[in-house]
Amino acid sequence: MHKEWDTLALCDRFFDALERGDYETLEACYAPECVVWHSHDMQYQSRASNLAMLKQGIATHKKMHFTDRRVNAFEGGFVQQHRLYVTRANDYTGYMDVCFIAYIRDGMIKRAYEYFDTGKAEQFTGVPLAS
Amino acid sequence: MDEHEIRALCHRYMDAVEQADGDAIARLTSPNIRHWDSVTAEEHDRDALLAMAKAGAAAVERRSYDSRQIHVFDHGFMAQYELVLVGRDGSSTSLWGAITARCFDGQITRIDDYLDATKFDRTLLFAAA
């Protein structure tokens with residue numbers, strides 16, 4: 001079976017950078033052609049748009065922490081399951097269970113898929129869902 | 001289990017759930033299997049898993065796991081899929097989900113299933129048994 005240590009290292013580097021707010025390392029993890037798909041809108045987001053979103057998150061959230069990381073490397077990528085805790089500017093701390101799937105080339109993420117349950121948005125953001 | 005066996009197990013499991021084949025699901029899963037889903041955020045045992053599969057099938061005309069993208073790793077697999085649900089009234093819904101699974105000795109020992117609860121009528125998948 002595959003022992004993709006470099007793949008696992010990329011995964012750790014990416015999520016550790018998000019936790020630290022290290023935008024430069026984060027940006028370097030994405031291949032130039034990278035696109036990111038999210039289950040809440042089922043749309044592919046461009047590299048630039050996704051990085052801008054992450055940059056804003058780094059700037060506005062007090063803390064981001066990925067817990068219970070369960071990572072598996074496969075041929076051409078990795079899948080990480082985790083619980084993301086975010087402490088927001090108003091000190092609300094919410095969490096979301098996420099499955100993040102990344103396809104890689106040359107040590108960078110070229111395509112990612114993020115699955116989470118939008119139905120848990122209120123517990124994640126602290127903002128009641130619109131009825 | 002080698003890569004081919006794990007991949008085949010994934011397909012057989014998804015086929016069994018599609019067909020609500022309780023006997024096949026029971027053969028393909030460990031008696032101690034834990035099934036977690038993002039909608040309920042709870043773990044279920046095999047009896048509950050079998051009941052959900054049966055109830056889910058009863059709630060729709062048919063369902064199918066399409067567009068399967070399966071990747072294998074040590075002792076498990078990850079699958080991205082499109083779950084197509086056709087209701088009794090002929091309406092169709094597609095749900096895009098992902099599962100990860102652990103396998104041992106020809107059976108699945110753990111499944112984590114990620115779906116977006118806002119994208120479907122929960123009773124189509126989680127109808128009371």
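Identify the chymotrypsin sites (Phe, Trp or Tyr not before Pro) of region B:1-95 meeting these criteria: DSSP loop state and at most 12 other C-beta atoms within 10 Å of the C-beta.
Passing both the DSSP loop test and the Cβ count: no residue.
Considering only B:Ala101, B:Ala20, B:Ala58, give the residue with the highest GNM mean-square fluctuation for chain B, with springs between Cα atoms whenever their separation is below 10 Å.
B:Ala58
Taking R0 as 41 Å, what's the FRET efficiency between A:Tyr23 and B:Lys54 from their Cβ-Cβ distance, rounded to 0.05?
Efficiency at R0 = 41 Å is approximately 0.25.
If you take each beta carbon of peptide B:62-75 and count the beta carbons of other chains within 10 angstrom, what is the mean?
3
Going down the list A:Lys120/B:Lys54; A:Lys62/A:Lys120; A:Lys55/B:Lys119; A:Lys110/B:Lys119; A:Lys55/A:Lys110, which pairs span over 23 Å between their C-alpha atoms?
Beyond 23 Å between Cα atoms: A:Lys120/B:Lys54; A:Lys55/B:Lys119; A:Lys110/B:Lys119.
Using a 1.4 Å probe on protein heavy atoms only, how many Å² of accessible area do A and B hide from each other, summed over both chains and rounded to 100?
2100 Å²
So if the hydrodynamic radius of region A:61-131 is defined as the Kirkwood radius over C-alpha pairs, what does Stokes-Einstein give as its diffusion coefficient at 37 °C and 0.692 mPa s, in µm² per second?
244 µm²/s
Taking the alpha-carbon centroid of each part, what is the distance from region A:19-60 to region A:71-105 in angstrom?
Cα centroid of region A:19-60 versus Cα centroid of region A:71-105: 12 Å apart.
Accessible surface of B:Met1 in the full protein assembly, 1.4 angstrom probe, to the nearest 10 Å²?
Result for B:Met1: roughly 80 Å² accessible.
Round to a whole number: what % of the accessible area of region A:1-90 belongs to carbon and sulfur, probe 1.4 Å?
51 percent
Just need log10 I(q)/I(0) for region B:1-119 at q = 0.16, 0.20 Å⁻¹, Debye formula, equal scatterers on the alpha-carbon atoms, no solvent, rounded to two decimals.
Debye output, listed in q order: -0.72, -1.16.
For a bin width of 5 Å, list the pair-distance distribution of the protein assembly as shown built from all Cα-Cα distances, rounded to whole %.
In whole percents, the pair-distance histogram is 1, 6, 12, 17, 19, 16, 13, 9, 6, 2, 0.
If you stretched the chain out fully between B:Asp47 and B:Ser91, how much longer would it get, using 0.36 nm times the residue separation minus the C-alpha to C-alpha distance?
Additional length available on full extension: 12.9 nm.
Per residue of B:90-96, how many C-beta atoms from partner chains lie within 10 Å of its own C-beta, taken as a mean?
1
Expressed as cubic angstrom per residue, what is the convex hull volume of the alpha carbon set of region A:14-90?
111 Å³
Pairing the Cα long axis of helix B:46-59 with the longest principal axis of chain B, what angle in degrees results, from 0 to 90 and rounded to the nearest 10?
So the helix axis and the longest Cα principal axis differ by about 30 degrees.
Evaluated at 20 °C with a viscosity of 1.002 mPa s, what Stokes-Einstein diffusion coefficient in µm²/s does chain A have when Rh comes from the Kirkwood expression over alpha-carbon pairs?
Answer, rounded: 141 µm²/s.
The values are calculated or read from the model by the stated rules, or taken from the named source; none is laboratory data. Treat the numbers as computed from the prediction; the structure is a model and nothing was measured. Neighbour counts are summed over all protein chains in view; Cβ atoms, including those assigned to glycine, are modelled from backbone coordinates with ideal geometry. Ligands, DNA and RNA are excluded from the accessible area calculation, which covers all protein heavy atoms including side chains. Shrake-Rupley method; radii C 1.70, N 1.55, O 1.52, S 1.80 Å.
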